[in-house]
Protein chains: 2
Amino acid sequence: MKLKIALGQMEIIPGRPDLNSQTMLKMIDEAQAADCHMVIFPEMAIPGYLLGDTWEQEAFLRDCESYGQDIIAASNHIIILFGNVAVDWEKKGDDGRIRKYNALFIAHNGSLLGGDNFPYPFRIKTLLPNYREFDDDRHFFSLRKLAQELQQTPEDLISPVTVTMAGEAINLGCILCEDGWGEDYSTQPITALQKKGVTFYINISSSPFTLGKNNKRNRIFAKQAATAQVPLIYVNNVGLQNNGKTIYTFDGASTIYNKKGQVVYYSHPAFAHKLDMFELDVATGADELAPVEVPRDDQIDFIYQALVYGIQKFTSAIGMKKVVIGISGGIDSAVAAGLYAKALNPANLLLVNMPSQYNSETTKNLARQLAENLGCLYTVLPIQQSVDFTIQQIEGAPVINPETGAAYHLKLTPFMTENIQARDRSSRILAAVAAAFGGGFSCNANKAETTVGYSTLYGDQAGFLAAIADLWKYQVYQLAHYLNQEVYHREVIPQGIIDIVPSAELSFDQAVDEGKGDPIQYAYHDYLFRSFVQWWNKSTPEDILQWYITGNLEEKIGCQPGLVKQLFTNDIDFIQDLERWWNQFTGIGVAKRIQSPPIMAVSRRAFGFDHREAQNGVYYTRRYRELKEQLLDK
Amino acid sequence: MKLKIALGQMEIIPGRPDLNSQTMLKMIDEAQAADCHMVIFPEMAIPGYLLGDTWEQEAFLRDCESYGQDIIAASNHIIILFGNVAVDWEKKGDDGRIRKYNALFIAHNGSLLGGDNFPYPFRIKTLLPNYREFDDDRHFFSLRKLAQELQQTPEDLISPVTVTMAGEAINLGCILCEDGWGEDYSTQPITALQKKGVTFYINISSSPFTLGKNNKRNRIFAKQAATAQVPLIYVNNVGLQNNGKTIYTFDGASTIYNKKGQVVYYSHPAFAHKLDMFELDVATGADELAPVEVPRDDQIDFIYQALVYGIQKFTSAIGMKKVVIGISGGIDSAVAAGLYAKALNPANLLLVNMPSQYNSETTKNLARQLAENLGCLYTVLPIQQSVDFTIQQIEGAPVINPETGAAYHLKLTPFMTENIQARDRSSRILAAVAAAFGGGFSCNANKAETTVGYSTLYGDQAGFLAAIADLWKYQVYQLAHYLNQEVYHREVIPQGIIDIVPSAELSFDQAVDEGKGDPIQYAYHDYLFRSFVQWWNKSTPEDILQWYITGNLEEKIGCQPGLVKQLFTNDIDFIQDLERWWNQFTGIGVAKRIQSPPIMAVSRRAFGFDHREAQNGVYYTRRYRELKEQLLDK
């Protein structure tokens, strides 16, 4: 028997049950018109998933139920699986509010299936993620808690749902679970279902894109399908959702695994809103279908796709059509401009160069060249006059002591005037220019700068969106090459921008024409900083110093061998550098990130809601202090 | 038998096991010197509680264990109860990381008690909070999960710990639980313990101050103690901890309830770091002690205490000694200045007035008067010249279209120049002045403005700390009166500032001398906005409109009766106002809050980490749209 199944890889608009249910009804019509037996929609298809505390609005919950009813009513001639919030208005969650579940609904002939051996006419998510950007236990009641309340085990509550398709009884193994991180999240329900006899598994998901995620998910799910000898259908959404500080793209990548665990369908391109249809032979377990190729999703091409898609969806979500980008002639703003020019029409971009006395002719020319290459609107707004006026005004104003009547004058140091320049560019010029141009201005910070707060608050750290702030500097360079070679097929980012030493050009000590630049040595610090913030085995100075002593630091953090000896002539230099950046990362860096723009996430650990931080003091462990003492006593 | 017990209501420095263990060792010495049988420290006394993802640093966890060992080693002649993170290095948590518990350790004679009927030599928190500012399930493995793993119930794992005190066996009911929110959090372990025979309960906590919290906790705990006929000792810490966006003070308020449920000891003043000692007669259940008075903690005096304490602790935690405050002659900046002047020495404050052509002589004089009254350093830095220059520069610069070579000019509207003024003040002047003065500058926004984004990003919304951004405007006025009457005992905040109409003075439309001001009508909007963000029964336009139709809106949101009729002449006006502010609150307001400074929390729902938000679009439910249509069709 062949079943025709439609995969509704829809764009979910978070917080818009009205629009999402419309999208679903349209897809249901299409699937029905093509004689599909079933259409499957992603997790939280109606409300969206990342909504913050909107989950606490009872009117919103009623609204989601109401739009869910519309979907159920459309199931007369087709089985519809969809994710929605389910509310038990009679029961409370742990926080004393109305109890909510992250639920999977199975609708047919206008009513719900799924209640056998289960207290509700829907299924709920097995394990709730409370890591990275997820706060599921904050909002939803878990299967674990429900089982405990019913004095059963979670396994007792996991069972197939029997539906009639093409005249035959089919046991669906319906799953709502995490797809990539803790293996338990996906294997636990699959294992529980396997014992109970399942025709095929269906896993609906709402899983944000991060580098390499799908490849990992495929390994786990392929193994599960093969072990159970049962095909598995995975449906994920596309679109963009955020947690305030951190913005996620959703890439879709819906997949079908046959009973051998081979991928026999893989939705591509990534990030495409579409309804795909598929014939599943229940007898063979899709065995007869040829495996398809699955792209690697941990390379620069996926970063490019995610960022361009993300910029498009984010600007359109907030109703922004035009963007102003401050371009310095350096690599970060050039790559940002290259991305925005692809995401939006170049005519909607205004590039602004804002030189001071410290900016070289070299970078001023490179900036102009970039604007010409991209075909964007361009203007030059120098800052020196305003910066001089500010210094003069502040140093000239008498500060009065009311007790004594005495007046004194404030004095600005060179370091302070560096920050005055940065703020003059962003807060005085770019913010006003963006308003006049009818849009926002971008923040072009990279992840290395963001890690150690090498930026000025209300200056180069400002903007409506930090599109490349989850990229290390080496990824920014990779992206520059990718833009020239694979996207534009010409040198839109002038080679001079790629070759020049990275420099903020805020003083004569950073003169690029003399080869002077930033204090960050990216070839080493990119990797050191990455080890501080990565998903696994976050390092601290204790670990770094131990590896330095053992001699395996470069291997541990993944930078080029031999680099440490090259950069540091002795142990004291090494320790001073380590402490300098650790102090910055856990000190002022945190304070700056609290006020940073939202960051477009591509890594497993973007700053913001994924990597949570308290503004506490800098700390070195007891063991670090011992190791340091031993090393310096040597 | 009388037991002498010391309550270690210590200041915990989050992320500093070294300093916290030193504090504890000192208190242990004092308690021993006074012949105490036992000393009790708060939850997470060694690491601190709000640490973000520092919990993922294995070096930090080892460090906490190491300092915990120092405390255990100090227990030779005294029983020590303390909170610390406990690590099971052999087991994993749900996220695949090393498993951690929020644990209570009971140390005596250099080793740990507490293992009977429990798989570890410590006790763990019963229910983990995942609401408001808490993310416990993100970091810690719960008793519920542990019980499930061991195929037992949580109740099985909750049992008294028997210790020998003064030669007698005492059954301690040791509890680590929430103290105020969901009643289950505190009642569940108490009820479970009650069945197993307990001499007295000990509840160690790390509970942030919010208005009215202790009064609620006292009602719950008093009932529990009385029901069980067993005394209860509650120990909480003082100090300041934060989650990045939201800053919490901890007020201590350690309490002893006798077996009748009467409060027989209440630590005061609030926020005091101290070691108190107490004699507990086991035979009587502290029955013979006289009940003591417990202050109300939901009034303006507690807001004042929390904010002054919070400013002191936060500035000292980040090493800031001096603060610059922009004072406009309005109420918010005046109250902020009054608070900072109490928290820091007035000599460490520099007040800056930054008039434009729109600022009246009235407010300029009031600002100067305020500075004189407070005895703070004062300066005037006008912005008109710089604002004019910015407008001229931007409107004068040709924007080049590279395709055509054509140039055009940007045009700034009056609304845009309002924001230019605000940014000129904060980003151009205050940030530079603060650097030169050697400190930071304050953000003086109140909660009503913050709710609807009535502020300029990088302008009046900027600063190192938003100390009064969790106060509604009516609370700002209450605080102004409290400062004059109860704190300074003179009119430091000039009456003119209290009487003047609230106005940003950014255009002639906001001329205070003509009685013109802000578009927010605080007498109504304070309460409307509060109903959008409060802890319970968050309202949405659907609810508001329903109440408006029913006629119980004022009662529901708590504003003055009759106000709605006074402000809105018809239904259309009412709806336009409602939608205007809902659009602002859920639209641009969210974008602004993402980049706002950290907020000092006093309410049950401060913006930031307590009230989590996604930057999604503005939404009106189906039911709202129906109600609106019905009303307008009428």
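The values are calculated or read from the model by the stated rules, or taken from the named source; none is laboratory data. In this text the structure is predicted, and so the values were computed from the model without any measurement. Because the Cβ atoms are built from the backbone with ideal geometry, glycine has one as well, and the counts that use them run over all protein chains shown.
Residues that are within 18 Å of residue A:448 (Cβ to Cβ), in a loop (DSSP other than H, G, I, E, B) and either in contact with a His (Cβ under 8 Å, 6 or more places away or on another chain) or without any contact (Cβ under 8 Å) to a residue 24 or more places away in the chain (or both) within region A:526-556 comprise A:538, A:539, listed in sequence order. Checking each residue in region A:369-386 for being assigned to a helix (DSSP H, G or I), among the aliphatic types (A, V, I, L, M) and either surrounded by fewer than 23 Cβ atoms within 10 Å (Cβ to Cβ) or at the interface with chain B (Cβ under 7 Å from one of its Cβ atoms) (or both) picks out only A:371.
Of the residues making up region B:363-378, at least one is touching a residue at least 40 places away in the same chain (Cβ under 8 Å), over 30 Å from residue B:408 (Cα atoms), of a type in the set (A, V, I, L, M) and in contact with a Ser or Thr (Cβ under 7 Å, 6 or more places away or on another chain).
Considering only residues that are assigned to a loop (DSSP other than H, G, I, E, B) and not small (Gly, Ala, Ser), look in region A:337-368 and name the one that is nearest to the other protein chains (Cβ to nearest Cβ). Give the derivation first.
In the first step, residues of region A:337-368 are kept if they are assigned to a loop (DSSP other than H, G, I, E, B); the result is A:344-345, A:354-360.
Narrowing the set further to residues that are not small (Gly, Ala, Ser) leaves A:344-345, A:354-355, A:357-359.
Values: A:344: 16, A:345: 12, A:354: 10, A:355: 13, A:357: 17, A:358: 17, A:359: 16 Å.
Per the stated criteria, the residue is A:354.
Checking the structure you have, find out if any residue of region A:199-212 is within 14 Å of another protein chain (Cβ to nearest Cβ), more than 30 Å from residue A:299 (Cβ to Cβ), in contact (Cβ under 8 Å) with a residue 40 or more places away in the chain and not in a strand (DSSP E or B). No, there is no match, as no residue in region A:199-212 is within 14 Å of another protein chain (Cβ to nearest Cβ), more than 30 Å from residue A:299 (Cβ to Cβ), in contact (Cβ under 8 Å) with a residue 40 or more places away in the chain and not in a strand (DSSP E or B). Within the set A:469, A:523, the sole residue that is within 25 Å of residue A:211 (Cβ to Cβ), assigned to a loop (DSSP other than H, G, I, E, B) and touching a residue at least 12 places away in the same chain (Cβ under 8 Å) turns out to be A:469. Among the candidates B:375, B:405, B:439, single out the residue that is more than 30 Å from residue B:321 (Cα to Cα) and among the small types (Gly, Ala, Ser). Step by step, each of B:375, B:405, B:439 is checked, and only B:405 is more than 30 Å from residue B:321 (Cα to Cα) and among the small types (Gly, Ala, Ser).
Answer yes or no: is there a residue in region B:76-86 that is within 14 Å of chain A (Cβ to nearest Cβ) and within 23 Å of residue A:541 (Cα to Cα). Steps first, please.
First, the residues of region B:76-86 that are within 14 Å of chain A (Cβ to nearest Cβ): B:85.
Now restrict to residues that are within 23 Å of residue A:541 (Cα to Cα): B:85.
Checked against the condition, which is being within 14 Å of chain A (Cβ to nearest Cβ) and within 23 Å of residue A:541 (Cα to Cα), region B:76-86 yields at least one hit.
As a summary of the residue check, residue B:556 satisfies the conditions (1) more than 25 Å from residue B:419 (Cα to Cα); (2) over 29 Å from the mean Cα position of the chain (by Cα); (3) surrounded by fewer than 18 Cβ atoms within 10 Å (Cβ to Cβ) except for the one numbered (2). For residue A:436, the conditions (1) touching a Lys or Arg at 6+ places or on another chain (Cβ under 8 Å); (2) in contact (Cβ under 8 Å) with a residue 24 or more places away in the chain; (3) at the interface with chain B (Cβ under 10 Å from one of its Cβ atoms) are fulfilled apart from (2).
The number of residues in region B:594-605 that are touching a strand residue (DSSP E or B) at 6+ places or on another chain (Cβ under 7 Å) and either within 12 Å of another protein chain (Cβ to nearest Cβ) or outside any loop (DSSP other than H, G, I, E, B) (or both) comes to 6. Selection of region B:263-312 for residues being in a helix (DSSP H, G or I) and either charged (D, E, K, R) or more than 17 Å from the chain's Cα centre (by Cα) (or both) yields only B:301. Evaluation of residue A:405 against the conditions (1) at positive phi; (2) buried (at least 23 other Cβ atoms within 10 Å of the Cβ) shows that the sole unmet condition is (2). The residues on offer are B:593, B:612, B:625, B:580, and the sole one that is closer than 30 Å to residue B:427 by Cα and over 27 Å from the mean Cα position of the chain (by Cα) is B:580.
Output the residue which, of all residues in region B:443-463 that are within 16 Å of the chain's Cα centre (by Cα) and assigned to a loop (DSSP other than H, G, I, E, B), is nearest to the other protein chains (Cβ to nearest Cβ). Per the stated criteria, the residue is B:445. Among the residues of region B:130-150, those that are facing chain A (nearest Cβ under 9 Å), out of contact with any Leu (no Cβ under 9 Å at 6 or more places or on another chain) and either among the hydrophobic types (A, V, I, L, M, F, W, C) or surrounded by fewer than 21 Cβ atoms within 10 Å (Cβ to Cβ) (or both) comprise B:145, B:148.
Assessment of region B:87-99 against the conditions (under 26 Å from residue B:254 (Cβ atoms) and either in contact with a Phe, Trp or Tyr (Cβ under 8 Å, 6 or more places away or on another chain) or not assigned by TED's automatic domain parsing to the domain that holds residue B:255 (or both)) yields no matching residue.
Answer yes or no as to whether residue A:407 is more than 8 Å from every other protein chain (Cβ to nearest Cβ) and either charged (D, E, K, R) or more than 30 Å from residue A:309 (Cα to Cα) (or both). Yes; evaluated as a whole, the condition is true for this residue. One residue stands out among those in region A:126-163 that are within 20 Å of residue A:90 (Cβ to Cβ) and not in a helix (DSSP H, G or I): the one that is nearest to the chain's Cα centre (by Cα), which is A:140.
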